[in-house]
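Derivation of every value follows stated rules applied to the coordinates shown; laboratory data play no part. Everything quoted here is computed from the prediction, not taken from an experiment. So basically every Cβ, Gly included, is an ideal-geometry build from the backbone, and we count neighbours across all protein chains shown.
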């Protein structure tokens with residue numbers, strides 16, 4: 001378990017630091033979430049494109065069966081069907097990469113990350129801004145489509161590289177007293193959420209018979225899941241060469257060392273929640289939403305993969321998504337959000353106050 | 001050699017004398033540049049501009065609702081001012097700002113300058129930005145203008161003249177700072193021979209002023225809480241607001257981040273409401289508080305003026321300084337200096353005619369095609385007639401406007417502004433420049449050495465403003 005400095009020491013540092021506008025914290029949080037979302041999308045598309053190559057000749061039905069669950073996993077199926085007649089590699093990957101009508105496309109996510117960063121230009125280092133700006137101009141530029149056609153893998157590698165560069169620059173140049181915890185909380189929350197969607201894709205790929213479970217196709221697909229999470233080598237260290245679906249799920253949900261698992265992300269989220277709440281002493285550290293999230297984390301360290309499959313993987317993933325959404329909503333509304341004021345009411349109130357001043 | 005073909009022509013040239021000799025303050029720069037090839041110069045200049053674009057050192061020009069980010073074109077040859085020349089300019093600016101702050105205090109209190117008939121009352125009473133509601137209001141430390149950007153030009157004989165004082169929300173100090181950084185990175189060899197006074201303490205001095213002018217009621221143990229109030233990312237000068245906030249280490253806020261309760265101003269933070277003591281506001285008076293000024297302003301903070309009146313927050317610059325920003329009131333500044341300080345102005349005004357004075361009125365209307373006419377309260381080079389270069393229709397339009405509202409217009413003879421070698425595609429040509437030094441008024445009045453030199457990039461143009469195609473240069477004041 002990677003060590004963290006004592007939360008109390010960090011709180012003392014925070015107290016001395018500049019105050020943070022709620023609006024700024026919110027922008028940092030969303031900047032981070034959108035970029036993490038973009039990276040995960042890039043991984044997903046890249047791996048699934050390569051997976052198809054293993055299958056050789058693929059029929060239209062097979063292509064559709066391969067790609068639609070992926071579109072479905074981010075909730076964009078309806079939008080996709082509005083824009084395209086055919087679900088094949090080209091249409092789906094174009095939709096997921098470039099279309100701005102798709103709020104979860106790479107282009108949309110990067111544009112949103114950059115826009116949030118622009119709102120808080122003065123809070124982030126110039127290197128951080130430049131990376132997001134470069135990523136945005138890359139994907140919007142004419143060259144991008146050309147690169148994508150010529151070699152999709154190189155294209156998605158570049159997207160991942162922008163994300164890694166941004167994260168590296170953030171860790172190296174962003175002061176820990178200026179909202180770092182909001183960036184990290186957003187990143188790990190998004191990553192945990194994306195993990196539920198990644199695992200859920202397998203659920204949507206319906207296998208014709210039970211006998212296909214464990215077969216070559218099934219194994220290849222679970223292998224692709226591991227590759228999307230960059231987890232193949234780490235997995236193999238535990239389970240050697242055996243890609244067995246229960247072990248993949250076990251690894252990606254419960255391992256406490258690999259930085260993309262749900263448990264790891266959850267524990268990082270808990271650490272940053274602690275920092276955020278400690279810096280705001282008036283808010284309730286024992287808020288029910290936080291207690292509930294801690295209970296969920298507890299499950300992740302005590303549940304068994306057999307329990308998951310008995311309950312149903314899809315049901316578990318649904319529940320996890322709800323828990324993640326819940327804690328995100330609580331943290332956002334408590335620390336990063338003030339409801340917009342009713343300008344007219346406020347003006348009237350202040351004019352009354354002015355009368356009293358005379 | 002880069003300057004071999006350069007012609008000063010019949011203008012005062014900053015770098016060269018009439019007989020092509022190099023002015024002593026430019027000796028070091030000239031020598032260093034003469035060993036640079038045209039290609040090298042061109043590529044270095046482009047590198048600076050690319051760096052500005054990448055880093056977002058830009059301003060936004062709005063036309064047709066779409067904002068385009070542009071850099072302020074930068075020319076690598078610095079404008080150099082000798083220590084002796086600067087000494088006079090500095091003293092002149094300090095004198096001028098001292099008088100202006102005394103003037104503002106006076107007209108918002110006893111109005112002695114009017115009672116003593118130095119300025120006719122109608123000019124103040126009709127001034128667009130005179131805030132009657134703030135008569136007899138005590139501003140912290142009696143400082144009305146904390147930050148001023150006064151525009152200076154040089155005439156045919158090289159005399160420095162004050163063109164105008166910008167003392168509502170003067171901008172450009174961030175470019176002054178970024179230009180210096182850029183030139184140091186691009187042409188370090190220029191700096192090695194010369195001894196240039198640094199400008200990078202501007203944010204420190206600005207913060208000192210802000211903290212000095214905290215409200216009298218402020219009783220905290222730590223420094224007063226100062227913030228920069230910006231209209232937001234869509235404002236053309238947002239880069240500067242964010243830049244200065246970052247350099248000073250203080251928060252940058254928008255109207256929506258502030259809340260007034262109990263006549264105090266608070267920021268909405270992740271830790272709840274935190275009180276604000278001083279606001280460096282880059283929003284004009286009109287948009288500052290929709291409960292008092294323009295009700296349609298979405299940029300301001302309802303109740304801010306209440307808090308200001310209650311003495312719980314200071315504003316830099318204070319409310320009401322716009323009356324001295326008026327080009328008609330400008331006419332009287334030399335008289336203010338004599339009246340309040342008993343001194344002759346060190347820096348003269350440009351000779352000005354007031355359309356509201358009968359004899360000037362006739363003269364102006366008879367000579368519209370020879371004069372520069374300006375409206376009293378426009379900025380950015382707009383609302384201006386350049387008589388000798390204007391079309392007949394434009395002249396007639398101005399004639400009608402002057403006849404309808406003479407109070408709103410002044411006129412001046414076109415000044416043959418000084419010129420400076422400026423890179424034009426592949427060689428140097430002379431272009432007209434001005435100078436905007438920044439004056440900070442706190443416990444002391446401090447003038448940052450140099451300021452922003454703006455260049456009118458179009459051949460023959462006298463308009464230097466960024467919004468109309470101007471560029472800028474690094475400005476040097478030599479140590480000795």
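Of all beta bridges that DSSP places with both ends in chain B, some 75 percent have antiparallel geometry.
Which of rounded, prolate or oblate describes the protein assembly as shown when judged by the alpha-carbon gyration tensor and an a/c cut-off of 1.5? Note, shape of the protein assembly as shown comes out prolate. Peptide A:352-358 has a mean shielding of 4, counted as Cβ atoms of other protein chains within 10 Å of each residue's Cβ. Express the Stokes-Einstein translational diffusion coefficient of region B:99-256 in µm² s⁻¹, to the nearest whole number, given a Kirkwood radius over alpha-carbon pairs, 37 °C and a viscosity of 0.692 mPa s. The Stokes-Einstein estimate is 172 µm²/s. The Kirkwood hydrodynamic radius of region B:272-369, based on inverse pair distances between different Cα atoms, is 16.9 Å.
Here residue B:344 and residue B:395 are evaluated by their C-beta separation; at R0 = 51 Å the FRET efficiency comes out at 0.90.
Hey, got the average number of other protein chain Cβ atoms within 10 angstrom for residues in A:341-348?
Numbers: counts 6, 0, 10, 3, 1, 7, 8, 2.
Per residue, the average neighbour count from other chains is 5.
Put in order of Cβ neighbour count within 10 Å, fewest first, the listed residues B:420, A:66, B:156 become B:156, A:66, B:420. In the elastic network of chain A, a GNM with C-alpha springs shorter than 10 Å, the most mobile of A:31, A:269, A:294 is A:294.
When only alpha carbons are used to place a centre, region A:309-348 and region B:389-464 end up 55 Å from one another. For region B:1-61 versus region B:171-188, the inter-centroid distance based on Cα atoms is 14 Å.
Stretched out straight at 0.36 nm per residue, the stretch from residue A:173 to residue A:89 would grow longer than its current Cα-Cα span by 26.3 nm. In whole Å, how far is the Cα centre of region B:74-144 from that of region B:339-377? After rounding, the separation between the Cα centres reads 17 Å. Over the protein assembly as shown, DSSP H runs of length four or greater, each weighted -39,500 (n - 2.57), average out per residue to a 222 nm ellipticity of -15500 deg cm²/dmol.
Counted over the protein assembly as shown, the DSSP beta bridges are approximately 75% antiparallel.
Please tell me the relative contact order of region B:123-256 in percent, rounded to the nearest whole number, where contacts are Cα pairs under 8 Å and at least six residues apart.
Working: 106 pairs, mean separation 25.7, N = 134.
The normalised contact order for region B:123-256 reaches 19 percent.
So what is the relative contact order of region A:72-195, in percent, for Cα pairs below 8 Å that sit 6 or more residues apart? Taking the mean separation of contacting Cα pairs over the length of region A:72-195, I get 16 percent.
Using only alpha carbon pairs under 8 Å that are at least six residues apart, calculate the relative contact order of chain A and give it in whole percent.
Details: 354 pairs, mean separation 84.1, N = 358.
Dividing the mean separation by the residue count of chain A yields 23 percent.
Note on A:267, B:378, A:127: ascending count of other Cβ atoms within 10 Å places them as B:378, A:127, A:267, the fewest first.
Taking every alpha-carbon pair in region A:21-68 and binning the separations at 5 Å intervals from zero gives 5, 17, 17, 14, 11, 9, 8, 7, 6, 4, 1, 0 percent.
If R0 equals 25 Å, the separation of the Cβ atoms of residue A:318 and residue A:236 corresponds to a calculated FRET efficiency of about 0.30.
In terms of its alpha-carbon gyration tensor, chain B comes out oblate; a/c meets the 1.5 threshold, while b/c is at least as large as a/b. For the residues of B:261-270, the average number of beta carbons from a partner chain within 10 Å of their own beta carbon is 5. Using only alpha-carbon positions in region A:95-187, the gyration tensor eigenvalues give semi-axes of 25, 14, 11 Å once each is multiplied by 5 and square-rooted (largest first).
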